[in-house]
Amino acid sequence: MILIWIVFLPLAGGLLAWVAVKHGQYAGRKKDLMARWISIAALAVDMVLVLFLWLSGPHAVTIAGGPWIAEVSRPWIPSLGISFHLAMDGISLLLVLLTVILGMAAVIASWTEIAGQVGFFHFNLMATLAGIIGVFVAVDLFLFYFFWEVMLVPMYFLIALWGHEKRIYAAVKFFIFTQLSGLLMLASILGIYFIHGGKAGIYTFDYFKLLGTPLESGTAFFLLMGFLAAFLIKLPAVPFHTWLPDAHTEAPTAGSVILAGLLLKTGGYGLLRFAIPLFPGASTELAPLVMTLGIIGILYGAVLAFAQSDLKRLIAYTSVSHMGFVLLGVFVWNEKALQGVIIQMLCHGISTGALFILAGAVQERIHTREMMRMGGLWAVAPRMGGVWLFFALASLGLPGMGNFIGEFLILLGTYEAHPLMAAFAALGLVLSTVYAVWMVQKAFFGANHEGWRIPDLEAKEMTVMAIMIALILWLGLYPQPCFDTAREGLSSLQRNTSGAPKASSIEIFGRQQ
């Protein structure tokens, strides 16, 4: 039952926040303040529940021969083989915890930015978070698709109603890309559902029962294409990334945080949990092509980031580059690379989410995102400049920060399998140094030609930044708890994948496998 609470508490909190603003007894700012605190409280309770599960240990439940942390299964539409089946292992636990943390950061980041329809804003924000959490814990493929679509509509409203100048264009583009790719995934889900039912005599959407379904090579290829369409677009991989810069640029700060920090991770998680385990043979055949797309994304995103003058657009292209490492590591499919993928998704969510919060704070103060109009901001807002420099260094993969651990392990795993690909991917680290340093220099140093006089980060903003800084340093200096938490889940994925490489016994992962 605890998983049901974790999924639906954000939705209930968002609904209560909307009702509190619409029908509450207070007036004006008090109503808006109540909506914000209700959202924070719902997410805080969610965090307590997730931490409780983490402390309860990874062996609480055994599913399909592997240890899981929690599970709940209830009949939903039994005549069609659809059940309300949720399960959490170490991988999904870490991503759900990231969702709750960034959700709270998004609420605080929008504290003063969002002034209209505050209740409805928080309902859409919390509904998006509920859909994301559902994606991370659903193990019924129909339920997974349901939550995949639940994310879409409220995020569309967040961009379209509270975004910036070209918000309608960005929202519609986001909707078309994600909706069409989701329908292709639904077609593949139905395909494996009918094939399994025809061969086994049992029609089911249960993930564990569909694993190992015998498929002809051509059939497996086309079914995999449907899943890849959804996951590569959401990741996003080049050339399916064009919706991302527009959506990031035009979304409100909270929307950008959720997009970069969480929605992109659902694509990486989908590849890990569903695409490769369900179609291991076809995935192996396609691996060189997809890994090449990952390397192209790493280099292309870094080069395009350097070419941007819009601050948020620059950060958006860095996401294309960093998520290219995730795509590369997933299809390398050895333990070093997969552990790196988990750390990279966590650290990218935190560091890029923090950069979008800071970009929103800058825009709220000077009403522009154009870096050519900035300069000299360090002298008038030194706390903001120092925090921005920290996360820029995290983004370029400075040793001692979590992003370095993730990218280093992905490159190490890639080098063991494909040394030449690892060499090309490593160029992304060089290019990331260029755009990260250039971004800080243009915004915070040089002459203050516009005469900016802006307030520095406030107490609540500094509190959020301090927590995110601590998390990046923790993951960079002592990532072992995350390795330990994710190990069983990754080992289970490899066991379910025929021909998967043997687990590495490298000491950094703790006890030998």
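The values are calculated or read from the model by the stated rules, or taken from the named source; none is laboratory data. Fair warning: this is a prediction, and the values are worked out from it, not measured in the lab. Quick reminder, even Gly has a Cβ in these numbers, built from the backbone with ideal geometry, and neighbours come from all protein chains shown. Keep in mind that these areas ignore ligands, DNA and RNA; they rest on the heavy atoms of the full protein, side chains included. Shrake-Rupley method; radii C 1.70, N 1.55, O 1.52, S 1.80 Å.
This table checks each residue for (1) farther than 21 Å from residue 361 by Cβ; (2) touching a Lys or Arg at 6+ places or on another chain (Cβ under 9 Å).
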| residue | (1), (2) |
| --- | --- |
| 371 | no, yes |
| 387 | no, no |
| 395 | no, no |
| 402 | yes, no |
| 409 | yes, yes |
| 416 | yes, yes |
| 419 | yes, no |
| 423 | yes, no |
Original post:
Taking the stretch 333-362 as the region of interest, how many residues are hydrophobic (A, V, I, L, M, F, W, C), open to solvent by 10 Å² or more (accessible area, probe 1.4 Å) and at pLDDT below 95?
Top reply: 1
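Suppose we filter 63, 101, 82, 6 for residues that are among the β-branched types (Val, Ile, Thr), at pLDDT 95 or above, over 24 Å from the mean Cα position of the chain (by Cα) and closer than 30 Å to residue 493 by Cβ; which single one remains?
Values: 63 fails: at pLDDT 95 or above; 101 fails: over 24 Å from the mean Cα position of the chain (by Cα); 6 fails: over 24 Å from the mean Cα position of the chain (by Cα).
Testing whether each residue is among the β-branched types (Val, Ile, Thr), at pLDDT 95 or above, over 24 Å from the mean Cα position of the chain (by Cα) and closer than 30 Å to residue 493 by Cβ leaves just 82.
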Original post:
Based on what the data block shows, is residue 54 touching a Ser or Thr at 6+ places or on another chain (Cβ under 8 Å), part of a helix (DSSP H, G or I) and at pLDDT 80 or above?
Top reply: yes
Original post:
If you check residue 290 against the conditions, is it under 30 Å from residue 112 (Cα atoms), in a helix (DSSP H, G or I) and either among the aliphatic types (A, V, I, L, M) or at pLDDT 95 or above (or both)?
Top reply: no
Original post:
Taking the stretch 5-28 on its own, how many of its residues are of a type in the set (A, V, I, L, M, F, W, C), farther than 15 Å from residue 100 by Cα and in contact (Cβ under 8 Å) with a residue 40 or more places away in the chain?
Top reply: 6
Subject >> Qualifying positions in the stretch 212-228 - touching a residue at least 60 places away in the same chain (Cβ under 8 Å) and surrounded by 17 or more Cβ atoms within 10 Å (Cβ to Cβ) >> reply: 213, 215, 220, 224, 228
Original post:
Is the stretch 372-391 home to any residue that is of a type in the set (Phe, Trp, Tyr), under 25 Å from residue 430 (Cβ atoms), modelled with pLDDT of 95 or more and open to solvent by 20 Å² or more (accessible area, probe 1.4 Å)?
Top reply: yes
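Looking at 88, 155, which is the one that is over 26 Å from residue 465 (Cβ atoms), over 13 Å from the mean Cα position of the chain (by Cα) and surrounded by 24 or more Cβ atoms within 10 Å (Cβ to Cβ)? Give the derivation first.
On the way: 155 fails: over 26 Å from residue 465 (Cβ atoms).
After ruling out the rest, the residue left standing is 88.
Using the structure shown, decide if residue 67 is without any contact (Cβ under 8 Å) to a residue 24 or more places away in the chain and open to solvent by 10 Å² or more (accessible area, probe 1.4 Å). Lay out the reasoning, then the answer.
Details: without any contact (Cβ under 8 Å) to a residue 24 or more places away in the chain: no; open to solvent by 10 Å² or more (accessible area, probe 1.4 Å): yes.
So residue 67 does not fit the description; no.
Suppose the filter is touching a residue at least 40 places away in the same chain (Cβ under 8 Å), assigned to a helix (DSSP H, G or I), out of contact with any Cys (no Cβ under 7 Å at 6 or more places or on another chain) and open to solvent by 10 Å² or more (accessible area, probe 1.4 Å); does residue 102 pass it?
Details: touching a residue at least 40 places away in the same chain (Cβ under 8 Å): yes; assigned to a helix (DSSP H, G or I): yes; out of contact with any Cys (no Cβ under 7 Å at 6 or more places or on another chain): yes; open to solvent by 10 Å² or more (accessible area, probe 1.4 Å): no.
In short, no.
With the structure loaded, tell me whether residue 205 is aromatic (Phe, Trp, Tyr) and over 27 Å from residue 35 (Cα atoms) or whether it fails that test. Give the derivation first.
Numbers: aromatic (Phe, Trp, Tyr): yes; over 27 Å from residue 35 (Cα atoms): yes.
It is true that residue 205 is aromatic (Phe, Trp, Tyr) and over 27 Å from residue 35 (Cα atoms).
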**OP:** Tally the residues that are at pLDDT 95 or above and of a type in the set (Ser, Thr, Tyr), restricting the search to the stretch 464-491.
**Re:** 1
Subject >> Qualifying positions in the stretch 242-269 - under 19 Å from residue 321 (Cα atoms) and either open to solvent by 10 Å² or more (accessible area, probe 1.4 Å) or of a type in the set (Gly, Ala, Ser) (or both) >> reply: 242, 246, 247, 256, 260, 261, 267, 268
Original post:
Of the residues that sit in the stretch 395-432 and are in contact (Cβ under 8 Å) with a residue 24 or more places away in the chain and closer than 22 Å to residue 382 by Cα, which one is surrounded by the most Cβ atoms within 10 Å (Cβ to Cβ)?
Top reply: 395
**OP:** Output the qualifying pairs, or none if there are none: Cβ atoms under 7 angstrom, residues six or more apart or on different chains, first residue in the stretch 251-275 and touching a residue at least 60 places away in the same chain (Cβ under 8 Å), second residue of a type in the set (Val, Ile, Thr) and surrounded by fewer than 24 Cβ atoms within 10 Å (Cβ to Cβ).
**Re:** 252/114
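Name every residue in the stretch 137-160 that is assigned to a helix (DSSP H, G or I), of a type outside the set (Phe, Trp, Tyr) and touching a strand residue (DSSP E or B) at 6+ places or on another chain (Cβ under 9 Å), in order of residue number.
Of the residues in the stretch 137-160, the ones assigned to a helix (DSSP H, G or I) are 137, 141-150, 152-160.
Restricting the remaining residues to those that are of a type outside the set (Phe, Trp, Tyr) gives 137, 141, 143, 149-150, 152-155, 158-160.
Within the stretch 137-160, 137, 141, 143 qualify.
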**OP:** Provide a single number: the residues in the stretch 29-57 that are open to solvent by less than 50 Å² (accessible area, probe 1.4 Å) and free of Cβ contacts under 8 Å to residues at least 24 places away in the same chain.
**Re:** 1
Original post:
Hey, among the residues in the stretch 277-287 that are assigned to a helix (DSSP H, G or I) and of a type in the set (A, V, I, L, M, F, W, C), which one's farthest from residue 350 (Cα to Cα)?
Top reply: 282
